[in-house]
Amino acid sequence: MGGAVSAGEDNDELIDNLKEAQYIRTDLVEQAFRAIDRADYYLEEFKENAYKDLAWKHGNIHLSAPCIYSEVMEALDLQPGLSFLNLGSGTGYLSSMVGLILGPFGVNHGVELHSDVTEYAKQKLDVFIRTSDSFDKFDFCEPSFVTGNCLEIAPDCCQYDRVYCGAGVQKEHEEYMKNLLKVGGILVMPLEEKLTKITRTGPSAWETKKILAVSFAPLVQPCRSESGQPRLVQLPPLAVRSLQDLARLAIRGSIKKAMRQEATRGGGLKSTPMFKRRRLRRRRMETIVFLDKEVFASRISNPSDDTSYEDAEEDRREVAERTLREAKPEPPVNFLRQRVLRLPLPDPLKYYLLYYREK
């Protein structure tokens, strides 16, 4: 499923295309999509396809098309502090984008059927936390992933503000899915070949809206254990943040606030240029003239060119080194990290404030 928008050259261009096609409609969703590069969740040998609006599957690893994730994110109407349950959490790509919006006081849980995919998601999450500058630009609600069949969640589990199911839900499981929601909560799932948004308006009252036609693989039906009993899935506990962790959040928040105030006053934070400025030189121009089936090539010199031997040598050297001189993106400056490292604190405390991140 997908192919609704043009392929992009990179993640930002893909997001531009999704915005132009009205799949991304709100600033919060746009920021989350730009903060996490879709290619980071692909296996290395398949990354050239990351910015196409197509689903991708390799073995048990699966990513839905970007236009589907866009509609899901918009339909969920995410807000900071909410609880989210991702059924069929896969690579963790969607859960990580959701975590950027939920913030540090949200709840972000995922259930995945295949243990190898759960491990893959945990690895990708670890890399994001350790290496992505986006981690410092947001207050992140880290996802927790468990392995199991989402149709076997323990009946005493808590209910959630937002639930998404990434597999086709059979009609007989609709009530099961609805019961995972709190009153006022939103459930988004493929139901009878339609991406469907269900809002729980009361203890037994619901509003249903069909979003778009989709084609998802159906939910895998549970298999009984040897004892004949269901393998109940225990969701992660609702952990309370430690005082130490709350202090870290408060300190990082104060630093970010001070940086924003400096930027407003015109000091400190200057935007880093996206590309290095290339040195401009006048070069000889080669013109190829086509006449019927014959090809005539001639070299036309720019009158302002210096035809000295030194310039000719420099031209040849520039051609040989062209790949080294191409404009390359400069890494963005992580101002929060720089500020923390300048604090008059012991190094272990600095690295604690940085979540022991590598970059």
Quick one: how many Å² of Ser115 are accessible to a 1.4 Å probe, rounded to 10?
70 Å²
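Which of the pairs Lys124/Lys350; Lys124/Lys210; Lys19/Lys256; Lys137/Lys194; Lys57/Lys171; Lys122/Lys210 have their Cα atoms more than 30 Å apart in this structure?
Working: Lys124/Lys350 24 Å; Lys124/Lys210 32 Å; Lys19/Lys256 28 Å; Lys137/Lys194 35 Å; Lys57/Lys171 25 Å; Lys122/Lys210 32 Å.
With Cα atoms farther than 30 Å apart: Lys124/Lys210; Lys137/Lys194; Lys122/Lys210.
Relative to the present Cα-Cα distance, how much length would full extension add between Lys122 and Lys47 at 0.36 nm per residue of separation? Intermediate results must be reported in sequence, preceding the final value.
Working: separation 75, 0.36 × 75 = 27.00 nm, distance 1.92 nm.
This chain segment gains 25.1 nm when fully extended.
Sorting Phe33, Phe105 by accessible area (1.4 Å probe), largest first, what list results? Before the final figure, lay out each step's value.
Working: Phe33 0, Phe105 135 Å².
Accessible-area ranking of Phe33, Phe105, largest first: Phe105, Phe33.
May I ask you to give the solvent-accessible area per residue for region 66-239, in square angstrom, as obtained with a 1.4 angstrom probe? Mind dumping the intermediate values first?
Working: 7200 Å² over 174 residues.
Counting only protein heavy atoms, the per-residue value for region 66-239 is 41 Å².
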Measuring from label point to label point, each 7 Å out along Cα→Cβ, what is the Thr131 to Val333 span in nm?
2.4 nm
So what's Rg/Rh here for region 66-239, counting alpha carbon atoms and using the Kirkwood radius for Rh?
0.95
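Loop only per DSSP, at most 14 neighbouring Cβ atoms within 10 Å: give me the GluC sites (Glu not before Pro) in region 182-246, ordered by residue number. Walk me through the numbers on the way to the answer.
Working: sites: Glu192, Glu193, Glu207, Glu226; in loops: Glu192, Glu193, Glu226.
Listed in order of number, the matching sites are Glu192, Glu193, Glu226.
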By how many nm would the segment from Ile211 to Gln170 grow when fully extended, if each residue of separation counts as 0.36 nm and the alpha-carbon distance is taken off?
13.0 nm
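Could you estimate the translational diffusion coefficient of region 1-132 from the Stokes-Einstein equation, with Rh from the Kirkwood formula over C-alpha pairs, at 20 °C and 1.002 mPa s, in whole µm²/s?
Details: Rh = 14.9 Å.
D, rounded to a whole number, is 144 µm²/s.
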Heavy-atom accessible area order for Asp161, Asp347, largest first, 1.4 Å probe
Asp347, Asp161
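Nearest 0.05, what FRET efficiency do Asp245 and Glu152 give at R0 = 30 Å with Cβ-Cβ as r?
Working: r = 32 Å, r/R0 = 1.06.
My answer for the efficiency is 0.40.
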Write down the radius of gyration of region 121-178 and its Dmax, each obtained from C-alpha positions, in Å.
15.5, 44
Which whole-percent values make up P(r) of region 1-72 when all C-alpha to C-alpha distances are grouped in 5 Å steps starting at zero?
3, 18, 31, 28, 14, 5, 1
Ala65 neighbourhood, Cβ < 14 Å, K/R = +1, D/E = -1, net charge +1
Given the C-alpha centroids of region 66-139 and region 155-226, what is the distance between them in whole angstrom?
18 Å
So for Val127, Val72, what's the accessible-area order with a 1.4 Å probe, most first?
Val127, Val72
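The values are calculated or read from the model by the stated rules, or taken from the named source; none is laboratory data. On a predicted model such as this, the values are computed, not experimentally measured, just so you know. Note: ideal-geometry Cβ built from the backbone for every residue, glycine included; neighbour counts use all protein chains shown. Ligands, DNA and RNA are stripped out before the accessible areas are found, and what is left, the full protein with its side chains, is counted by its heavy atoms. Shrake-Rupley method; radii C 1.70, N 1.55, O 1.52, S 1.80 Å.
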